[in-house]
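Each value in this text was obtained by applying a stated rule to the coordinates, not by laboratory testing. Note that the coordinates shown come from a computational prediction; the quantities given were computed from them, not determined experimentally. Please note: Cβ atoms are built from the backbone with ideal geometry, for glycine as well, and neighbour counts cover all protein chains shown.
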Amino acid sequence: MIFFGHRFIESEKFYHISGIDSILRTPPSSILFIEFSEKNIETINHAVINSMSIAVSVKNITEILYASALGASYVVVQEELAKTAQDLADSYLFDAKILVMVEDEEDIEELALLGADGVIFAEAIVKVN
């Protein structure tokens with residue numbers, strides 16, 4: 001299991017951006033955190049074309065499939081979508097890793113049993129203005 005933002009484990013930060021211009025305010029080789037929406041498709045495509053690592057936050061099954069098809073490195077889901085997202089990733093052989101947004105360390109065990117690729121805590125996400 002991959003851990004981002006856990007207090008015991010050193011990890012990379014994700015930089016939550018709102019558009020292409022925000023990328024300039026992130027460190028080189030950053031992982032960009034982008035919320036899936038139609039208005040962010042241009043930003044997602046720009047990042048992928050420029051070989052940037054991106055984590056796409058999604059809200060439903062269709063968005064999970066879109067994020068993978070668009071070339072996301074990570075697909076970030078809420079706990080209620082964890083099993084479904086991981087099943088889709090395994091069935092369709094996603095290149096993307098499924099990360100589950102967690103608030104409590106107690107959720108890690110259940111997510112491990114579900115086979116989730118990893119977890120991400122809010123502490124791993126830096127908002128870029």
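Couple of notes before you dig in:
- Each residue, N60 and V126, gets one label point 7 Å from its Cα in the Cβ direction; the gap between the two is 3.4 nm.
- Lysine pairs with alpha-carbon atoms under 20 Å apart, the chain, spacing 8 or more or separate chains: 8
- R0 of 22 Å, Cβ-Cβ distance N50-K13: FRET efficiency to nearest 0.05: 0.70
- This ranking places I41, I34 by how few other beta-carbon atoms lie within 10 Å of each, fewest first, which gives I41, I34.
- Overall form of segment 1-47 per C-alpha gyration tensor (a/c, 1.5; a/b vs b/c): prolate
- Averaging 1/r across all pairs of distinct Cα atoms in the chain and inverting the result yields a Kirkwood radius of 14.6 Å.
- Fully extended contour minus Cα-Cα distance, from D95 to Q78, at 0.36 nm per residue: 4.2 nm
- Nonlocal amide H pairs with I125, under 5 Å, H built at 1.01 Å: F14
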